[in-house]
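Below: the structure, in structure tokens.
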Amino acid sequence: MKFLKFLFVGIFFGIVLVKSEAVSWYRIYEMFRFQSFHMYGIIGSAVILGASSLWFLKKSKAKTIEGREVQLAPKDKGVVRYLLGGSIFGLGWALAGACPGPMYILLGTGVYSMLIVIGGALLGTFVYGLLKPRLPH
Amino acid sequence: MENILKPWPWYVSGPLITLVMVLLVYFGKTFGMSSNLRTLCSMGGAGKYADFFRFDWKAQRWNLTVVLGAIIGGFVAVHFLSDGSQMALNPKTVAELNQMGFENVGSTLLPQEIYGWDSITSLKGLALLIGAGFLVGFGTRYAGGCTSGHAITGLSNLQLPSLIAVIGFFVGGLIMTHLVLPLIF
């Protein structure tokens, strides 16, 4: 079962995000009001440890399970799409209090009204797909 | 066990999120949750309407499996790994939200005022949730990633585009929290 490991990673991810309260609307509000270190601590420590881990994996020429060297695809160059798209996402993140990962996780916690948000997110993705050729990137 | 049932501090949670990212890299994949929205659109036949959705979505089944796991993880965490303790929010945050009309702040993960039955059956509440979702869906695809793809993976991989995107996340988030939310509530 090659998919089983992904299922377990997902379960682990869901548990961590609930137990850390990173899926909470209140924690996101508190973060954007700069009234708590909690979310900054989570993201900050994840990034510092993440950067050291990736650096070490590349330096030691570690192999993935598929036998290839660890290599993450670089992001396309650009400014407009990242700043503009990022800001649009930020508006939605602070309003819904949930980014794409937590949306699914919260559904699992029993918040079924999250299906409306996920529906909106699918619509937003679809509209982006339609408008993509006409948007500045 | 008692420590597992209580909320986890940031210095435990952050490194565990790193572990999720590193595991996916070790499995030859990358951590990115918002791309699943594109995959779901493609599965639903959106390729008929735009090139953007014409790709081999079956190659993304592993990521949909992560999503399925995340849903199960949310269920497990709430039903078996929580003692129902109140969130330790800043009292100032709680007072502010009380003043805006939010009650029982921090006793559940999400405010009833936005996600509760009364809200979603009102036109305003429904529009709010659809609108919030729309902004997340549109914005993440435009920016090419969300918190997991840009803030965690991209920054860890020292990608300048991800830093610009994260600055954007905060520009949008600050505008919503400081300027728009007070108008809505």
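Worth pointing out:
- Positive end of the dipole of segment B:1-85 (Cβ unit charges, origin at the Cα centre): among B:Val25, B:Ile72, B:Trp62, the Cα lying farthest that way belongs to B:Trp62.
- Peptide B:40-50 - average C-beta neighbours from other chains (10 Å radius): 3
- Environment charge of A:Lys132, counting only residues whose C-beta is closer than 14 Å and scoring Lys/Arg +1, Asp/Glu -1: +3
- Between the C-alpha center of segment B:153-170 and that of segment B:1-16 there is a gap of 26 Å.
- Choice from A:Ala94, A:Ala121, A:Ala51 with maximal GNM fluctuation in chain A (Cα, 10 Å cutoff): A:Ala51
- Listed residue pairs exceeding 22 Å between alpha carbons, taken from A:Lys61/B:Lys29; A:Lys2/A:Lys63; B:Lys29/B:Lys58; B:Lys92/B:Lys124; A:Lys75/B:Lys29: B:Lys92/B:Lys124
- Residues whose amide H comes within less than 5 Å of that of A:Ser20, counting only those at least five positions distant or on another chain, are B:Trp8 (H built at 1.01 Å from N in the peptide plane).
- Summing Cβ point charges (Lys, Arg +1; Asp, Glu -1) relative to the Cα centre of segment B:1-85 gives a dipole of roughly 380 debye.
- Backbone phi angles across segment B:42-53, fed through the Karplus curve with coefficients 6.51, -1.76 and 1.60 (θ = phi - 60°), yield HN-Hα couplings of 4, 4, x, x, 5, x, 5, 10, 8, 4, 3, 9 Hz in residue order; Gly and Pro are listed as x.
- Reachable aspartates and glutamates, given that their alpha-carbon falls under 19 Å from the alpha-carbon of A:Lys19 and they are not under 8 places away in the same chain: A:Glu30, B:Glu2, B:Asp83
- Equivalent-ellipsoid semi-axes of segment B:3-61, from the Cα gyration tensor, Å, largest first: 34, 14, 8
- Distance between segment B:57-133 and segment A:79-102 - C-alpha centres, whole angstrom: 17
- Taking every Cα-Cα distance in segment B:1-119 and sorting them into 10 Å bins from zero, the calculated P(r) comes out as 10, 26, 29, 24, 10, 0 percent.
- Each residue of segment A:67-83 was assigned a 3J(HN,Hα) from its phi angle through the Karplus expression (A = 6.51, B = -1.76, C = 1.60, θ = phi - 60°), giving x, 9, 6, 5, 8, 9, 4, x, 6, 4, 6, x, 10, 4, 4, 6, 6 Hz with x at Gly and Pro.
- By other beta-carbon atoms within 10 Å, ranking B:Thr147, B:Thr108 with the fewest at the front produces B:Thr108, B:Thr147.
- Eligible aspartates and glutamates near A:Lys132 by straight Cα distance, threshold 17 Å, same-chain separation 8 or greater: A:Asp76, B:Asp51
- Helical content of the protein assembly as shown, expressed as a calculated mean residue ellipticity at 222 nm, amounts to -19000 deg cm²/dmol (DSSP H runs of 4 or more residues, -39,500 (n - 2.57) each, divided by residue number, nearest 500).
- Label positions at A:Leu130 and B:Tyr26, each projected 7 Å from the Cα along the C-beta direction, are separated by 4.4 nm.
- GluC sites (Glu not before Pro) lying in DSSP loop within segment A:1-80, provided at most 12 other Cβ fall within 10 Å: A:Glu66
- What the Cα convex hull of the protein assembly as shown gives, in volume per residue, is 131 Å³.
- For chain A, the longest site-free run once chymotrypsin sites (Phe, Trp or Tyr not before Pro) in DSSP loop states with at most 16 other Cβ atoms within 10 Å are removed: A:38-111
- Phi-derived couplings, Karplus 6.51 cos²θ - 1.76 cosθ + 1.60 at θ = phi - 60°, listed residue by residue for segment A:112-120: 6, 5, 5, 4, 5, 5, 5, x, x Hz, with x used for Gly and Pro.
- 5 angstrom amide H check on A:Lys63, placed H, neighbours 5+ away: none
- About the centre of its Cα atoms, chain A shows a dipole size close to 540 debye [charges on the beta carbon of Lys, Arg (+1) and Asp, Glu (-1) only; nearest 20 debye].
Just so you know, all these numbers are worked out from the coordinates, no wet-lab data involved. Only a predicted model underlies this, so the values are computations on that prediction, with no experimental measurement involved. Please note: Cβ atoms are built from the backbone with ideal geometry, for glycine as well, and neighbour counts cover all protein chains shown.
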